[in-house]
Amino acid sequence: MKLHNTMTGATEPLRPLEPGRIGMYVCGVTVYDYCHIGHARSALVFDVLRRHLESTGLTVEFVKNFTDVDDKIIKRANEQGVACEVITEKYIAAYREDMERLGIRPAWKEPRATEHMTDIIALVATLIDKDVAYQMNGDVYFSIEAYPAYGRLSKRRLEDLLVGARVEVDERKKHPMDFALWKSSKPGEPFWDSPWGPGRPGWHIECSAMSMRHLGVTFDIHGGGMDLIFPHHENEIAQSCAATGKEFAHTWVHNGFVQVNQEKMSKSLGNFFTIREIFEKCERYGWTGNVTAEVLRYFLLATHYRSPLDFSDAGLADAKRALDNLYDLFLRLEEQTGESGPGDHMAADAIERFQAEFHQGMEDDLNTPVVLAEFQRLRAELNKSIEAGLSKGKSAEAREAYRTFGRVLGLFDIATKDWRFAKTAASTSIDSIEPRRETLSVVTPDQIDQLLAERRAARQRKDFQRADEIRRSLLQQGITIEDRPDGTSRWKR
């Protein structure tokens with residue numbers, strides 16, 4: 001199989017480090033809210049990659065984590081006046097429900113950051129011992145200047161990283177882009193004991209520790225969305241390679257964004273659809289959960305995983321119509337009762353050709369749009385075979401081909417009668433699904449100026465933690481800050 005490797009920028013043969021086995025780590029969700037369709041796309045891409053690799057006889061040790069300690073989780077818990085565990089348990093359960101609905105199989109291992117504190121602390125200690133990390137007042141930072149290869153995944157040069165970057169200048173750091181491995185505890189936050197005092201891990205170190213714990217210091221595939229290339233995956237590489245002196249992952253696979261009106265869909269932009277909202281909408285149109293799941297999977301797979309995907313109700317309707325045509329074929333195949341007919345030879349040739357094209361498409365960087373087109377081409381050829389006269393036995397063979405190869409994509413596993421009910425009971429188009437938008441508090445210009453004055457004072461007394469909190473708070477309300485060279489700041493909505 002060939003996969004596009006973000007590290008090299010080339011589509012390369014996938015050669016297992018250990019014969020017959022693939023180790024694959026994919027960055028999971030931060031559990032503070034319900035999953036949106038962008039999460040569904042990433043989950044589906046790696047679910048299908050895993051299914052295909054297993055269909056070729058490989059054993060896939062697939063690890064996908066939960067980030068269950070993070071600023072967003074702490075903020076949500078404080079807002080609701082509950083412990084962080086209440087938030088994380090709720091949304092881990094919701095995530096699993098959503099994935100089950102979509103037919104996404106659970107990973108081989110699904111570690112949580114909070115379960116790996118011993119591994120995380122040991123990894124941080126190793127980086128300090130190797131003199132590529134340093135501690136300051138209970139915080140520990142990775143020194144990117146101590147790792148000369150920094151930037152090789154994202155193709156960014158160290159000297160260019162600060163150009164246009166919005167970072168708080170913390171004069172304690174050796175370099176402004178040094179990132180936190182360990183954060184000292186603050187009032188109201190969860191903490192764990194460490195050699196540097198009570199605190200909690202940074203985001204990047206969690207994934208390095210969990211992946212190496214379950215897959216070893218070097219493994220085959222590391223995946224995630226394109227938004228993780230920098231800084232998350234770049235930082236993972238730096239700290240992991242610096243700690244072990246070995247390559248971290250051999251192949252880096254990244255899926256493209258989901259867009260709405262050509263704009264990236266994300267929670268930070270507020271233009272996102274949760275998986276639950278889409279299922280609820282489809283159910284009101286009479287589609288069962290299984291039908292909705294197949295429609296969503298077909299829709300998401302109809303665009304190559306590395307390309308941006310524009311979410312729309314029209315796209316879902318197109319996917320439903322495409323599946324309607326296939327299930328109509330399945331019904332025709334089930335109705336064939338004759339013995340050997342002239343169409344048997346035609347069907348046999350069509351199925352053989354389809355099998356070859358299916359494998360070629362999947363092996364060519366998981367080209368699911370080509371594969372779906374081949375399913376439709378086979379449909380047209382089998383319909384011709386039926387008109388020519390197709391036997392009951394060859395009809396059953398054709399239907400089994402759809403089941404077998406469809407299983408790799410998670411499709412064509414619904415009883416024909418159930419699909420027909422969904423087709424007749426519901427419209428094949430969906431009206432506009434309104435994205436859920438976060439309600440932003442209205443902050444006045446006077447309040448912004450007051451906060452900026454407080455931030456300026458905090459920076460002067462070198463309280464960079466408070467200054468950064470103010471900046472993040474304003475950003476969450478749609479306000480961006482631009483610091484000027486003379487020490488003043490300006491803002492805009």
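Normalised by the residues of the range 206-257, what does the relative contact order come to in percent, with Cα pairs under 8 Å and at least six apart? Let's see the in-between values first.
Working: 52 pairs, mean separation 27.0, N = 52.
Contact order relative to length: 52 percent.
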Mean residue ellipticity (222 nm) of the chain, computed from DSSP H runs ≥ 4 via -39,500 (n - 2.57), nearest 500 = -15500 deg cm²/dmol
Taking the chain and dividing mean pair separation by its residue count, relative contact order in percent (alpha carbons under 8 Å, at least six apart) = 16
Probe 1.4 Å, all chains present, heavy atoms only: residue 100 accessible area in Å², nearest 10, is 140
Pairwise Cα inverse-distance average, inverted: Kirkwood Rh of the chain (Å) = 25.1
Across the range 360-376, in residue order, what do the Karplus-derived ³J(HN,Hα) couplings come to in whole Hz, using 6.51 cos²θ - 1.76 cosθ + 1.60 with θ = phi - 60° and x for Gly and Pro?
-> 5, x, 5, 6, 8, 6, 6, 7, 5, x, 5, 5, 5, 5, 5, 4, 6
Counting only residues 5 or more apart in sequence or on a different chain, those whose built amide H sits under 5 Å from that of residue 223 are 25, 26, 27, 253
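Taking only protein heavy atoms and a 1.4 Å probe, what accessible area per residue, in Å², does the chain have with all protein chains in place?
Per residue, the chain has an accessible area of 45 Å².
What FRET efficiency comes out for residue 149 versus residue 217 if R0 is 22 angstrom and r is the Cβ-Cβ distance? Round to the nearest 0.05. Walk me through the intermediate numbers first.
On the way: r = 16 Å, r/R0 = 0.74.
The calculated FRET efficiency here is 0.85.
Pop the C-beta distance of residue 337 and residue 247 into the FRET formula with R0 = 51 Å and round what comes out to the nearest 0.05. Could the numbers behind the result be given before it?
On the way: r = 59 Å, r/R0 = 1.16.
It comes out at approximately 0.30.
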Calc'd 3J(HN,Hα), the range 184-199, phi into Karplus 6.51 cos²θ - 1.76 cosθ + 1.60 (θ = phi - 60°), Hz, glycine/Pro = x, comes to 5, 5, 10, x, x, 10, x, 8, 10, 6, 8, x, 9, x, x, x
The answer for the net charge of residues other than residue 46 whose Cβ lies under 12 angstrom from its Cβ, with Lys and Arg +1 and Asp and Glu -1, is +4
Taking amide H positions as placed in the peptide plane 1.01 Å from N, state which residues far from residue 21 in sequence (5 or more) or on other chains have amide H under 5 Å from it.
-> 59
Taking the Cα centre of the chain as origin and charging only Cβ (+1 Lys, Arg; -1 Asp, Glu), how large is the dipole, in debye to the nearest 20?
-> 640
Give the accessible area for residue 27 in Å² (nearest 10); use a 1.4 Å probe, count only protein heavy atoms, and leave out ligands, DNA and RNA.
-> 20
How many percent of the accessible area of the chain is carbon or sulfur, using a 1.4 Å probe?
-> 49
On full extension of the chain, what length is gained from residue 276 through residue 492, given 0.36 nm per residue of separation minus the C-alpha to C-alpha distance?
-> 74.4 nm
Between rounded, prolate and oblate, where does the range 250-377 land on the alpha carbon gyration tensor, with a ≥ b ≥ c its root eigenvalues, rounded for a/c under 1.5, else prolate if a/b exceeds b/c?
-> oblate
Heavy-atom accessible area of residue 345, protein chains in place, probe 1.4 angstrom, given in Å² to nearest 10, is 130
A chain fully extended from residue 172 to residue 364 at 0.36 nm per residue, minus the present Cα-Cα distance, gains in nm 64.3 nm
For the chain, what is the percent of antiparallel DSSP beta bridges, rounded to the nearest 5?
-> 55
What's the FRET efficiency of residue 100 with residue 157 using the Cβ-Cβ distance as r and R₀ = 56 Å, to the nearest 0.05?
-> 0.80
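The values are calculated or read from the model by the stated rules, or taken from the named source; none is laboratory data. This structure is a prediction, so every number in the text was calculated from the model and none was measured. Cβ coordinates were reconstructed from backbone atoms using ideal geometry, including for glycine residues, and neighbour counts include every protein chain displayed. Calculation scope for accessible area: heavy atoms of the full protein, side chains included, ligands and nucleic acids excluded. Shrake-Rupley method; radii C 1.70, N 1.55, O 1.52, S 1.80 Å.
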